[in-house]
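Below is one structure, written out as structure tokens, with a few remarks after it.
Values quoted throughout were computed directly from the atomic coordinates according to the rules given, and no laboratory measurement underlies them. Remember, it's a predicted structure, so these values are computed and weren't measured experimentally. We place every Cβ from the backbone using ideal geometry, glycine too, and count neighbours over all the protein chains shown.
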Amino acid sequence: MLDAATGLELPTQNDILMLSLKRVRAADRRRTAVHEAGHYVMAQHHGCLVFGVRIWPNDHSDLVGETTWLGHCQLNWWQASLKIRRLIAVAGVAAVSIWNRDLCGDDLDWCDPDITSESDWRLAGCTPGEPTKHFLSAVDKAFAMFSPDGELWPKVLSKSRELIVHSRTTQRISIGERFEEFPAER
């Protein structure tokens, strides 16, 4: 179909839908990269050995109820105190919240499983959906440490960009292979 005024071909509904899906995937990729970068930077800041961090497309996503990208930050958490583990656990969500300009996290429902993953709850030493006063204290501290004018925020942005660039150039490794897709700096 041609536009009467310009004579140019108008996009079809399918063209518009495909563009929208690309935007959803791009936003999810950014959000996942920022989340994993938050874990990575907080762990590095506190001297935890990070074995690797990566993001990959979620091949089983339904685009409505699930994210189209997944990620993982593998670290030597067992040598960190519970206080530090809590900070690392909430750092991903804090980073995404700050990226989205919610600078204090007041609008977040930290008990929502779409906000805080079960693995992040476990790392924090909490039962999923049951934040303790220590968990909430870690949330406040993570927000302060990731403030946009603080020293850690540029590191979160840099690492998230690395993850995005790397995700464009590598294939997802299958379960059972060694975790070497994106080794951490040593």
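Sort 134-144, 37-47, 72-82 by packing, meaning the average of other beta carbons within 10 Å per residue, with the highest value first.
Highest-to-lowest ranking by the protection proxy: 37-47, 134-144, 72-82.
Sort 50-57, 23-30 for me by packing, meaning the mean count of neighbouring Cβ atoms within 10 Å per residue, highest on top.
The densest-packed peptide leads the list: 50-57, 23-30.
Taking the beta-carbon count within 10 Å as an exposure proxy, list His35, His60 from fewest neighbours to most.
By the 10 Å Cβ count, ascending: His60, His35.
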